[in-house]
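The values are calculated or read from the model by the stated rules, or taken from the named source; none is laboratory data. Remember, it's a predicted structure, so these values are computed and weren't measured experimentally. Neighbour counts are summed over all protein chains in view; Cβ atoms, including those assigned to glycine, are modelled from backbone coordinates with ideal geometry. Keep in mind that these areas ignore ligands, DNA and RNA; they rest on the heavy atoms of the full protein, side chains included. Shrake-Rupley method; radii C 1.70, N 1.55, O 1.52, S 1.80 Å.
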There are 2 protein chains.
Amino acid sequence: MKIYLYDTTLRDGAQAEGINYTVSDKLKIAKKLISFGIDYLEGGWPGANPKDLEFFQEAKKLDFANTKLCAFGSTRHPKLLVKDDPNLFNLIKSEAPVVTIFGKTWDLHVEIALETTLENNLLMVYETVAFLKEAGREVVFDAEHFFDGYKNNPEYALKVIEKAFAAGADFIVLCDTNGGSLPDQIRAGVIEALKIHPQIGIHAHNDAELAVANSLEAIKAGAVMVQGTVNGYGERCGNANLCSIIPNLSLKMGVELNCRQNLPYLTRLSRYVAEIANLHPNPYQPYTGQSAFTHKGGVHASALLKDKGTYEHISPELVGNHRKVSISDQAGVSNLLYNSESLGLSAEEVKVFGRELVAAVKEMEHQGYQFEGAEASLELLARKVTGKLLEPFKIANSKLIIEIKEDGRVLSEAVVKVRVGDTTIHTASDGNGPVNALDNALRKALLEIYPDLSQLKLTDYKVRVLNEKAGTEAVVRVLIESSAGEKNINTVGVSTNIIEASLKALTDSLIYFLINKEGTVS
Amino acid sequence: MKIYLYDTTLRDGAQAEGINYTVSDKLKIAKKLISFGIDYLEGGWPGANPKDLEFFQEAKKLDFANTKLCAFGSTRHPKLLVKDDPNLFNLIKSEAPVVTIFGKTWDLHVEIALETTLENNLLMVYETVAFLKEAGREVVFDAEHFFDGYKNNPEYALKVIEKAFAAGADFIVLCDTNGGSLPDQIRAGVIEALKIHPQIGIHAHNDAELAVANSLEAIKAGAVMVQGTVNGYGERCGNANLCSIIPNLSLKMGVELNCRQNLPYLTRLSRYVAEIANLHPNPYQPYTGQSAFTHKGGVHASALLKDKGTYEHISPELVGNHRKVSISDQAGVSNLLYNSESLGLSAEEVKVFGRELVAAVKEMEHQGYQFEGAEASLELLARKVTGKLLEPFKIANSKLIIEIKEDGRVLSEAVVKVRVGDTTIHTASDGNGPVNALDNALRKALLEIYPDLSQLKLTDYKVRVLNEKAGTEAVVRVLIESSAGEKNINTVGVSTNIIEASLKALTDSLIYFLINKEGTVS
């Protein structure tokens, strides 16, 4: 069985709150989808906005390889002839070889939203599809609200798709526009529609968290096309997530897909689209998320060491993702063993110091530390426990003065006294906020001796108040990310004093950088 | 049909990468779940870590109403007798009325992970369940990897649950531990298991984005218990999301749930747990996400004006969420009108100052302010714009000195100069951390003039770094909650300087208290 993938990331996906693509963004995503091997690529609604019109102009320059570009639009206006409808004119003008037309199948919508008669809507569907077929286009008919329509007035809903079929539509796609249908309703609808047209598709939304399941159910019932978006982006709760549908079909259901050989690029595709959309990738996203193959429980880690299949439904490499075993207070020595290499520990050291290190981690996590996302601090702790920690510097004393003046000006000044070997450096700096002042002063002191430190930039700073109900006496956890070119350094500090917590995390990042920088610390 | 909800947010949910609950976090979430009306609440694995042991100690003080507390653990050690197994000892010691035991049903796991014989595993299951039943506990048997086991060696998988049944297990929960099963496999497994035990449950993971669908499928096949977590948090891609399962069962499938009448608190529950977990709530989350009922497309917005049902699968109020139409600035003024009473504004004032106040709110939100959860600061802003703001005091100058000494001692000292009318008070205090020192100094200064202030206690303090990528120069938002008896005062402050942001929020809370306290400020 062969299934066609129809991507609407650039049209329905762009309806997600928080997404706003430029034309250049859309072109970039289009290129990635083409190279991934998507069968149908919906570019937008030319005429609905100038941006989409421009996209179709620019898209003419792309090499579409085996992908077909689709332009999206609605059936003709209730009161216009097809030849006079500017919407249809723009669809033809887009020069897209495929045109996708959505039409009403729910009687409520015809009468209330379109404010026309049920009879006229049937004419609109027929004439619009016939007009586009005459213009030589492949036509996909999106039966909007099909499942709600079928529930409310099955006879009418089916009559609409009969009209689309009679006019020559190549595919009829049943849309669960409001996203609230259950798999059984989807199955029943697909079976009925297949009696009318052999090429049925499914367009599901995720409002009941069933979009992927509903898409699979439709295919099991005989549908041959599935519409969705990368990462499931889309209006409200999103569209059906192609990043889950593709591996489910291909790896679990034995369905043939044209993009089959590109499955190992799926994770890259997912992260790329998130990046262009400027959204944080969902770490827990199935298959492609950063945590999708992360194991935290000690029981799981120990089993994975013996057989990877014990706690993985597929091998992460199949979709271009990778396995991670995290260290936390849930963990045992097994997690440590799994990570020993990245912690710089030999098998021998794990044997000798393993339990002590796990105990130290548990104790510190009890105080509020968190080493997930602070791998550099964990490595320093491992070095400390095994007696291998070098100290490139020592902070003898630090002082911060913050003054909020009557005119609203705020001054932050840090004074630090740092020892490197026999040398003592005593210096000061101001900054934009107390932590910034401290960071500046510390770097100023250390740069004299370690000029390489100028490569290290602070890139991320997070604060979490742990026992919030303790009010201003609460324990504070600070997570810092620094970057020195390609490698990120993640560190953590905890204290009731936010300044001290920040200083700890800052100090860890500097030490980690210095001891890992070849030739910097002997 | 009645279905039991079994929540494992505090155990399996805590396995999510990035989640690290304190005991106090777990107690807070437990309270919320109890008041929501969850049937079974899994508190943790006493003995796996000291935190969970402490949780069960503290949980004894809670009023569980109609919720049953469950302690989680594994079958006895392959080489120990039940009476000598410290794991089982801790389960009894937890005093939880329900014990949930997971046991292996997949032959591969028995031999490779447990390194024992298939025969011994059957004994381990039987003896463990029997031991707990003799101790008077209700026992839930979690059949780990049931669906993988059933696929690989159906005879053995069923034999395991027969043993659990024979030993008296009250429920047998079929776990899709690796999260890769399809709905058809779930259905087949449930039907088989029901031939053995009348009370079957389902525990699904979301690795194929099917956890909700699989849970519903199990219930359709006859399961009576569903395990899941709030927001679907959990190891790897997460557990089945109760925030979707509950409304699907209740609103779409006509299933009876004990928490039925609390459905309008579902969105609050979802956001609360995200807050405690310190995770950004997923805006696209079905039912409870901020965008779940947001309409962006022009076609949708105009249809919604005619009939809400046109683009909504349920009414958002049913789950405590609300509709949003992302369009104009008009929304601002109507929001304001809606809230005018709580802001202390007359209809006349809204008319005169409405636009100015909306503009001020937008400008401040652009800077990073957030008035949801900081209603007192919003009221002060409204008073300021309408010229009604009294100033019970003025901070002329404040200074903070923080010193981190070589021996590790940390000193925080605050100096404040405050004016009340013609009086100037210049005083100082130390504290546990800089914000605490500032709070102490400010109160010390003001208590001389406003002795009522001693009633006001700081009860919550939160920090969020907004533009995290700006490193230590990032903008920081501080939210403070104070309490003076029955009423909470929520305020906000924003600055690149955490001390200044805290001072703003502190000052707002003191002013709000004083101007609302009858007879305090004239």
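Could you please give the count of residues in the stretch B:189-208 that are surrounded by fewer than 24 Cβ atoms within 10 Å (Cβ to Cβ), in a helix (DSSP H, G or I) and not hydrophobic (A, V, I, L, M, F, W, C)? Can you show your working first?
Within the stretch B:189-208, the subset surrounded by fewer than 24 Cβ atoms within 10 Å (Cβ to Cβ) is B:190-192, B:194-199.
Add one more test, that the residue is in a helix (DSSP H, G or I), and what stays is B:190-192, B:194.
Checking the rest, the ones that are also not hydrophobic (A, V, I, L, M, F, W, C) come to B:192.
Adding up the residues that qualify gives 1.
What are the pairs with Cβ atoms under 7 angstrom where one residue, in the stretch A:337-366, is loosely packed, with under 12 Cβ neighbours inside 10 Å and the other, located anywhere, is of a type in the set (A, V, I, L, M, F, W, C)? Sequence gap at least six, or different chains.
Close Cβ pairs satisfying both conditions: A:E356/A:V385.
Taking helices (runs of 4 or more DSSP H) that do not extend beyond the stretch A:231-328, which have at least 1 residues that are within 7 Å of another protein chain (Cβ to nearest Cβ)? Break it down stepwise before answering.
Values: elements: A:242-247, A:266-277, A:298-306.
The qualifying helices (runs of 4 or more DSSP H) are A:242-247, A:298-306.
Output the residues belonging to the stretch A:381-406 that are open to solvent by 10 Å² or more (accessible area, probe 1.4 Å) and either under 30 Å from B:S495 (Cα atoms) or touching an Asp or Glu at 6+ places or on another chain (Cβ under 8 Å) (or both).
A:V385, A:T386, A:I395, A:N397, A:K399, A:I401, A:E403, A:I404, A:K405, A:E406
Go through A:K159, A:K195, A:K163 for me and flag whichever is closer than 23 Å to A:C70 by Cβ, away from every other protein chain (no Cβ under 11 Å) and either within 29 Å of the chain's Cα centre (by Cα) or among the basic types (K, R) (or both).
A:K163
What residue, of B:A505, B:A484, B:A437, B:A428, is at pLDDT 90 or above, within 26 Å of the chain's Cα centre (by Cα) and either small (G, A, S) or open to solvent by less than 60 Å² (accessible area, probe 1.4 Å) (or both)?
Matching residue, one of B:A505, B:A484, B:A437, B:A428: B:A505.
In a helix (DSSP H, G or I), at pLDDT below 95 and open to solvent by 40 Å² or more (accessible area, probe 1.4 Å): does that describe A:K32?
So A:K32 fails the test.
Can you tell me which condition B:S454 does not meet? The list is (1) polar (S, T, N, Q); (2) surrounded by 18 or more Cβ atoms within 10 Å (Cβ to Cβ); (3) out of contact with any Ser or Thr (no Cβ under 6 Å at 6 or more places or on another chain), and all the others hold.
Single failed check for B:S454: (2).
Would you check which residues across the stretch A:209-223 are surrounded by fewer than 24 Cβ atoms within 10 Å (Cβ to Cβ) and more than 13 Å from chain B (Cβ to nearest Cβ) and list them?
Listed by number, the list holds a single entry, A:G222.
May I ask you to list the residues in the stretch B:163-178 that are part of a helix (DSSP H, G or I) and open to solvent by 40 Å² or more (accessible area, probe 1.4 Å)?
In the first step, residues of the stretch B:163-178 are kept if they are part of a helix (DSSP H, G or I); the result is B:163-166.
Residues satisfying the conditions are B:K163, B:F165, B:A166.
Yes or no: the stretch A:302-309 includes at least one residue that is buried (at least 17 other Cβ atoms within 10 Å of the Cβ) and more than 16 Å from B:G179 (Cβ to Cβ).
yes
Which of the strands (runs of 3 or more DSSP E) found entirely inside the stretch B:359-449 contain at least 1 residues meeting this: more than 14 Å from chain A (Cβ to nearest Cβ) and within 18 Å of B:D508 (Cβ to Cβ)?
Per the criteria, B:410-420.
Restricting to the stretch A:13-26, count the residues that are within 27 Å of A:S250 (Cα to Cα) and open to solvent by 10 Å² or more (accessible area, probe 1.4 Å).
Residues in the stretch A:13-26 being within 27 Å of A:S250 (Cα to Cα) and open to solvent by 10 Å² or more (accessible area, probe 1.4 Å): 1 in total.
Among the numbered criteria (1) part of a helix (DSSP H, G or I); (2) open to solvent by less than 10 Å² (accessible area, probe 1.4 Å); (3) under 18 Å from B:D12 (Cα atoms), which one does B:V226 miss?
For B:V226, the failing item is (1).
Go through the stretch A:18-46 and report how many residues are touching a Phe, Trp or Tyr at 6+ places or on another chain (Cβ under 8 Å), over 21 Å from A:G201 (Cβ atoms) and within 14 Å of chain B (Cβ to nearest Cβ).
Matching residues across the stretch A:18-46 total 1.
Which number in (1) crowded, with 24+ Cβ neighbours inside 10 Å; (2) within 14 Å of chain A (Cβ to nearest Cβ); (3) more than 25 Å from B:G232 (Cα to Cα) marks the one condition that B:I186 misses?
Unmet for B:I186, out of (1) crowded, with 24+ Cβ neighbours inside 10 Å; (2) within 14 Å of chain A (Cβ to nearest Cβ); (3) more than 25 Å from B:G232 (Cα to Cα): (3).
Restricting the first residue to the stretch A:133-147 and requiring it to be closer than 19 Å to A:D7 by Cβ, which pairs with a second residue that is of a type in the set (A, V, I, L, M, F, W, C) and open to solvent by 10 Å² or more (accessible area, probe 1.4 Å) meet a Cβ separation below 6 Å and a spacing of at least six or different chains?
Going by the 6 Å Cβ cut-off, the qualifying pairs are A:D142/A:F102; A:E144/A:F102.
Could you tell me whether the stretch A:474-497 includes any residue that is under 30 Å from B:N488 (Cα atoms), outside any helix (DSSP H, G or I), touching a residue at least 24 places away in the same chain (Cβ under 8 Å) and not aliphatic (A, V, I, L, M)?
Yes, because at least one residue in the stretch A:474-497 is under 30 Å from B:N488 (Cα atoms), outside any helix (DSSP H, G or I), touching a residue at least 24 places away in the same chain (Cβ under 8 Å) and not aliphatic (A, V, I, L, M).
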